[in-house]
Structures are given as structure tokens and as C-alpha cells.
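A.B. asks: Once you've had a glance at the structure underneath, I'll fire off some questions.
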Amino acid sequence: MSDTPSSDFSGLEGGEEQAAEETIQEVVNWYNTQLLEERRAPVPDEERVEELKAGREAALADRAQLATAEPEEADRIAAVYAARLKELKKT
């Protein structure tokens, strides 16, 4: 997919927080989609539902921390979530 975020957001003056927020939102969207699919299954796997909800909550908590993050920290968070998104899309 050509609009998949890159894990390298260096050099984006002032854009680190926005890039991180967008990447985290993509991860949250992935969790939301998986939750919806699991809940619609004939026999939902409650353990998977709880794991997905926990992953989504962790991503939302990290996104909230961006408001006070230094640019370097926002860049690190963006890189972590870009890598996570890549892994999630493999499954």
C-alpha cells in the first residue's frame, strides 16, 4: 500500500507528533476492525476480544501522551507504531 506510513519520520520539523498520531490511529483502526470481526464471529473468542481491547487501549494511552512528548519522543513513538502496524498487517 503506497500510503503506509514509513518508520522514518526524521527531519519532519514539528511534524513528529502528527505523524505519530496518524500512525497510532491506523493501529487503533486495525484493532477496531479486528474487534468487529471477532464479535461478529458465530462463536467469538472472548480471550482474543480482551487481547484486542487491551492493545487498542494501550495505543490510545500512547496517543494521549503525545500531547506532552518532546519531538524526539514523538519520533520514537511513531517508529514503534509504524513497526507494530507492519506486524499487525502480516497477521
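The values are calculated or read from the model by the stated rules, or taken from the named source; none is laboratory data. On a predicted model such as this, the values are computed, not experimentally measured, just so you know. Because the Cβ atoms are built from the backbone with ideal geometry, glycine has one as well, and the counts that use them run over all protein chains shown. To get the accessible areas, we keep the full protein, side chains included, count just its heavy atoms, and leave off ligands, DNA and RNA. Shrake-Rupley method; radii C 1.70, N 1.55, O 1.52, S 1.80 Å.
A.B. asks: Just checking, how many residues over region 32-82 are open to solvent by 50 Å² or more (accessible area, probe 1.4 Å), closer than 16 Å to GLU16 by Cα and under 17 Å from the mean Cα position of the chain (by Cα)?
C.D. replies: Adding up the residues that qualify gives 7.
A.B. asks: Now for a different question. Given (1) free of Cβ contacts under 8 Å to residues at least 40 places away in the same chain; (2) within 17 Å of ARG76 (Cβ to Cβ), identify the lone condition not met by GLU37.
C.D. replies: Of (1) free of Cβ contacts under 8 Å to residues at least 40 places away in the same chain; (2) within 17 Å of ARG76 (Cβ to Cβ), only one is false for GLU37: (2).
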